[in-house]
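S.K.: Dropping a structure here in structure tokens format, bear with me for questions.
The values are calculated or read from the model by the stated rules, or taken from the named source; none is laboratory data. The model shown is predicted, which means the values in this text are computed figures rather than measured ones. A quick note on method: Cβ atoms are made from the backbone with ideal geometry, for glycine too, and the neighbour counts reach across all protein chains shown. Just so you know, the surface numbers come from the protein's heavy atoms only, side chains and all, with ligands and any DNA or RNA stripped out. Shrake-Rupley method; radii C 1.70, N 1.55, O 1.52, S 1.80 Å.
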Amino acid sequence: MTVSVVPSQSVSLPQLEIAGGRRLSGEVRVSGAKNSALVLMAACLLTDDALRLRNVPPLTDIAAMGDILAALGVTVRRGDDSIDLQADRLNQTSAPYDLVNSLRASFFCIGPLLARTGIARVPLPGGCQIGTRPVVEHVKGLKALGAQVTIEHGVVSAVVPGRGHRLRGGHIHLDCPSVGATETLMMAAALADGETVITNAAQEPEVTDLARLLIAMGARIRGAGTPSITIVGVSRLHGADNAVIPDRIEAGTFLLAAAITRSTLRVAPLVPEHLGAVLTKLEQAGCRLDSDGLGMTIRADRIQAVDLRTQPFPGFPTDLQAPFMSLLATAEGNSVITENIFENRLQHVAELQRMGASIRMQGNIAFIEGVHRLSGAPVQGSDLRASAAMVVAGLAADGITTVQGLSYLDRGYADFEGKLNSIGASIRRTGG
Ligand code: EPZ
């Protein structure tokens with residue numbers, strides 16, 4: 001008698017059931033960038049005028065950020081793909097603890113609140129599955145702008161002493177090119193008295209998108225997208241109406257879905273400059289990529305092994321490391337992936353191994369020996385991008401893959417299974 005122990009997955013939890021082995025085709029639409037929209041929403045705190053953001057993705061993280069801003073007294077009105085915000089009646093300078101715990105990005109409120117009111121109390125954002133996520137650079141930078149900052153009982157309290165409670169410009173050198181710190185400090189400096197220079201700044205497209213919005217609101221910023229950003233503070237900012245850039249990580253995930261299923265697919269909108277390192281690696285792996293100005297068509301038949309190392313922009317983005325690993329698990333030959341950004345962002349290796357991937361780990365390095373075919377299995381996503389990587393792997397696996405961890409997935413991908421089914425996938429959401 002054989003007893004097979006199948007890893008049990010609690011069927012009550014929501015999961016995606018993916019029937020693998022199907023080719024994709026046609027065109028898939030990319031939503032607005034989550035990692036831009038969240039920080040652009042926080043920028044509404046810098047003015048009492050109305051701020052309209054368009055091309056805002058319908059994600060749980062966006063709704064959570066809206067709740068946090070509303071708790072501070074901001075008027076929040078959600079449209080189909082836009083959001084109207086007005087912080088003309090702020091009644092709080094403390095972000096609510098329970099809400100903050102649900103969304104790390106709420107820490108984006110501290111810079112604008114401090115710049116606008118001279119005081120801010122925001123709970124310390126916790127760590128998460130992928131790392132401890134410190135905010136040391138944010139705090140050091142705010143102090144360099146004249147704030148007194150203390151951290152007690154898990155709350156970061158910042159105050160600007162002296163008359164007028166106005167931050168003053170200064171030079172900030174970041175020990176690491178933190179995206180969040182660069183964005184927090186750009187917003188704080190926008191209303192400071194004098195000039196601020198941020199060196200070793202993050203260069204991600206989302207930083208540039210924030211600078212674009214702040215300039216539309218009347219800020220004086222130059223150098224965004226380079227390692228050195230100069231902000232000349234102004235006394236007040238006005239409202240604006242801006243569209244959020246396309247989500248380069250969602251776009252990259254769809255390109256990888258096409259590559260792993262050896263399909264031809266158009267992904268739009270897609271800004272090639274936002275994904276340079278990823279497009280280079282896809283071409284090295286054997287994909288053909290044609291940009292048409294608004295979108296990009298990928299053609300994939302045979303996939304070769306490639307090595308990649310995650311780096312700050314313009315290097316290979318850590319957010320596409322897991323989905324790219326799913327692709328390389330089915331490539332011809334051996335690949336090496338090094339995760340340099342987060343200390344614990346290789347948890348998806350164990351899940352891919354459950355699907356038959358041949359991967360050996362050594363610290364932050366994964367050695368991948370491509371296999372001809374993955375096999376469908378019950379797997380779990382441990383963070384937003386690992387969940388997406390499991391779906392990508394399931395598209396090409398033999399048989400049925402069930403993916404749990406949808407609370408992560410729904411934070412960063414709007415209607416992921418709906419979009420994939422519209423281009424030929426066979427995915428069903430069950431349970432929950
Ligand atoms: C942003 O997080 C993104 N989130 C992340 O996307 C993305 O992975 C990350 O940038 C890197 O590109 C949003 O924009 C909302 P960091 P952020 O500060 O700002 C270390 C996703 O899946 N560090 O650039 O928190 C830190 O520990 C999410 O969409 C310090 O050491 O990232 C990490 O190792 C995940 N000290 C590295 O820098 C600090 O003070 C990058 O962090 C701050 C950060």
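S.K.: Select from the stretch 317-337 the residues that are outside any loop (DSSP other than H, G, I, E, B) and either basic (Lys, Arg) or open to solvent by less than 10 Å² (accessible area, probe 1.4 Å) (or both) and list them in ascending order.
M.R.: Initial filter on the stretch 317-337 (outside any loop (DSSP other than H, G, I, E, B)): 318-328, 332, 334-337.
Across the stretch 317-337, the qualifying residues are 320, 321, 322, 323, 324, 325, 326, 327, 328, 335, 337.
S.K.: Scanning the stretch 403-418 for residues that are touching a Ser or Thr at 6+ places or on another chain (Cβ under 9 Å) and open to solvent by 20 Å² or more (accessible area, probe 1.4 Å), which turns out farthest from the ligand (Cβ to nearest atom)? Before the answer, list the steps.
M.R.: Filtering the stretch 403-418 for residues touching a Ser or Thr at 6+ places or on another chain (Cβ under 9 Å) gives 403-416.
Checking which are open to solvent by 20 Å² or more (accessible area, probe 1.4 Å) leaves us with 407-408, 410-411, 415.
Details: 407: 14, 408: 9, 410: 13, 411: 8, 415: 17 Å.
Filtering first and then ranking leaves 415.
S.K.: Considering only residues of the stretch 111-136 that are under 19 Å from the mean Cα position of the chain (by Cα) and not in a loop (DSSP other than H, G, I, E, B), which is farthest from residue 73 (Cα to Cα)?
M.R.: Out of the qualifying residues, it is 131.
S.K.: Moving on to the next point. Limited to the stretch 179-201, what total is found for residues that are within 19 Å of residue 149 (Cα to Cα) and within 12 Å of the ligand (Cβ to nearest atom)?
M.R.: 6
S.K.: Look at the stretch 120-153 and say how many of its residues are within 16 Å of residue 168 (Cβ to Cβ) and open to solvent by 60 Å² or more (accessible area, probe 1.4 Å).
M.R.: Number satisfying all stated conditions: 3.
S.K.: Which one is surrounded by the fewest Cβ atoms within 10 Å (Cβ to Cβ), of the residues in the stretch 12-56 that are over 26 Å from residue 190 (Cα atoms) and within 16 Å of the ligand (Cβ to nearest atom)?
M.R.: 31
S.K.: Can you work out which of the residues in the stretch 154-212 that are within 19 Å of the chain's Cα centre (by Cα) and in a loop (DSSP other than H, G, I, E, B) is surrounded by the most Cβ atoms within 10 Å (Cβ to Cβ)?
M.R.: Restricting to residues being within 19 Å of the chain's Cα centre (by Cα) and in a loop (DSSP other than H, G, I, E, B), the top hit is 201.
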